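First the structure, in the form of structure tokens, and then the observations on it.
The values are calculated or read from the model by the stated rules, or taken from the named source; none is laboratory data. All figures in this text were calculated on a predicted structure; none of them were measured in a lab. Here the Cβ is made from the backbone with ideal geometry for all residues, glycine too, and neighbour counts use every protein chain on show.
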């Protein structure tokens with residue numbers, strides 16, 4: 001499990017780079033990262049443009065589970081009995 005002590009765009013970027021280093025060792029294959037799956041949190045959205053410069057082939061994909069959770073939470077807030 002990988003945990004961040006602080007959650008901001010810098011720590012998110014660094015953790016992604018660290019994970020890639022864990023996978024590939026000292027020689028990170030920057031062009032092999034094609035997708036970065038994140039939620040829509042502001043720190044995630046701020047981190048991606050900077051990551052895009054390092055990982056030129058990468059695309060941001062919103063995690064569907066996080067999106068569905070947000071929809072469910074919005075519905076739950078509308079009803080007291082749920």
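Numerical summary
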| quantity | calculated |
| --- | --- |
| Condition met for residue 75 (modelled with pLDDT of 90 or more, outside any loop (DSSP other than H, G, I, E, B) and surrounded by 12 or more Cβ atoms within 10 Å (Cβ to Cβ)) | no |
| The lone exception for residue 7 - which of (1) out of contact with any strand residue (DSSP E or B) (no Cβ under 7 Å at 6 or more places or on another chain); (2) assigned to a helix (DSSP H, G or I); (3) free of Cβ contacts under 8 Å to residues at least 40 places away in the same chain it fails | (2) |
| Condition check for residue 28: within 13 Å of the chain's Cα centre (by Cα) and surrounded by 11 or more Cβ atoms within 10 Å (Cβ to Cβ) | no |
| Residue in segment 31-39 that is touching a strand residue (DSSP E or B) at 6+ places or on another chain (Cβ under 8 Å), part of a helix (DSSP H, G or I) and surrounded by 11 or more Cβ atoms within 10 Å (Cβ to Cβ) present | no |
| Scope segment 55-67; condition assigned to a helix (DSSP H, G or I) and either in contact (Cβ under 8 Å) with a residue 12 or more places away in the chain or under 10 Å from the mean Cα position of the chain (by Cα) (or both); matching residues | 66, 67 |
| Odd one out for residue 52 among (1) surrounded by 11 or more Cβ atoms within 10 Å (Cβ to Cβ); (2) out of contact with any helix residue (DSSP H, G or I) (no Cβ under 9 Å at 6 or more places or on another chain); (3) in contact (Cβ under 8 Å) with a residue 12 or more places away in the chain | (3) |
